[in-house]
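Beneath this line is the structure, given in structure tokens, with notes to follow.
The values are calculated or read from the model by the stated rules, or taken from the named source; none is laboratory data. Given the structure is predicted, the values throughout are model-derived calculations rather than measurements. Every residue, glycine as well, gets a Cβ built from its backbone with ideal geometry; the counts of neighbours run over all protein chains shown.
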Amino acid sequence: MQFTGRCWVYGDDVNTDVIFPGKYTYTLTDISQFAAHALEDLDPDFARLVQPGDIIVGGKNFGCGSSREQAAVALKMCGVPVIIAKSFARIFYRNCVNNGILPIICPPAVEVIRKGDVVTVDVEQTTITLDRLPEQRFGFSPLSPSMQAIIEAGGLIPMLRRKLGTEHLPMPEIKFTAE
């Protein structure tokens, strides 16, 4: 499995309220509306210019803050398949996996990648390459087989539906509510 995309680069301690502003947590319940507000307080251009397949690069502690899943869902709805960071907040890391976003910890790559760079992430080879530095490869730790299965299926729910043989049934509508 490979991912190639244009990079959006952010710094350290990007929290979940910046990824998906808290003011929308209980006002937006339709996940199709989440993408329009992704990173709006940090980068007003992101939601308007992001393209499916683009990759986010973050510093240390990416996704810190609350455990709200909406932050990962907003990025998924933007079409972001991979986030490369120096480190992740633990719950956000798992929310990414559960939503089919590949979280990669690779500090050396983060130090070199610039906004707009095109990178290729090769999951089998556990390497990251940049178009502008094709000879240089950055290694990262592989995911566990169970996490890789979740990513390959597009998230935890699709993976479970596949295992249960229910992927042919209509997917129930998922709404976030203030209960």
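Taking the options R114, R94, R137, R90, name whichever one is crowded, with 18+ Cβ neighbours inside 10 Å and of a type in the set (D, E, K, R).
Working: R114 fails: crowded, with 18+ Cβ neighbours inside 10 Å; R137 fails: crowded, with 18+ Cβ neighbours inside 10 Å; R90 fails: crowded, with 18+ Cβ neighbours inside 10 Å.
Just a single option satisfies the conditions, and that option is R94.
Would you point out which residue out of A47, A74 is in contact with a Phe, Trp or Tyr (Cβ under 9 Å, 6 or more places away or on another chain) and not β-branched (V, I, T)? Spell out the reasoning first.
Working: A47 fails: in contact with a Phe, Trp or Tyr (Cβ under 9 Å, 6 or more places away or on another chain).
None of the others qualify; the one that does is A74.
Could you tell me how many of the residues in region 1-45 are among the β-branched types (V, I, T) and either outside any helix (DSSP H, G or I) or more than 20 Å from I101 (Cα to Cα) (or both)?
First, the residues of region 1-45 that are among the β-branched types (V, I, T): 4, 9, 14, 16, 18-19, 25, 27, 29, 31.
Next cut, either outside any helix (DSSP H, G or I) or more than 20 Å from I101 (Cα to Cα) (or both) only: 4, 9, 14, 25, 27, 29.
Here the count works out to 6.
Only one of (1) out of contact with any helix residue (DSSP H, G or I) (no Cβ under 9 Å at 6 or more places or on another chain); (2) over 21 Å from M147 (Cβ atoms); (3) modelled with pLDDT of 95 or more is not met by P44, so which one is it?
For P44, the exception is condition (3).
Do we have any residue at all in region 129-147 that's modelled with pLDDT of 95 or more, among the β-branched types (V, I, T) and touching a Cys at 6+ places or on another chain (Cβ under 9 Å)?
No, because not a single residue in region 129-147 is modelled with pLDDT of 95 or more, among the β-branched types (V, I, T) and touching a Cys at 6+ places or on another chain (Cβ under 9 Å).
Considering each of D45, D41, D30 in turn, give the residue that is in contact with a strand residue (DSSP E or B) (Cβ under 9 Å, 6 or more places away or on another chain) and charged (D, E, K, R). Before the answer, list the steps.
Working: D45 fails: in contact with a strand residue (DSSP E or B) (Cβ under 9 Å, 6 or more places away or on another chain); D41 fails: in contact with a strand residue (DSSP E or B) (Cβ under 9 Å, 6 or more places away or on another chain).
Going through D45, D41, D30 in turn, the sole match is D30.
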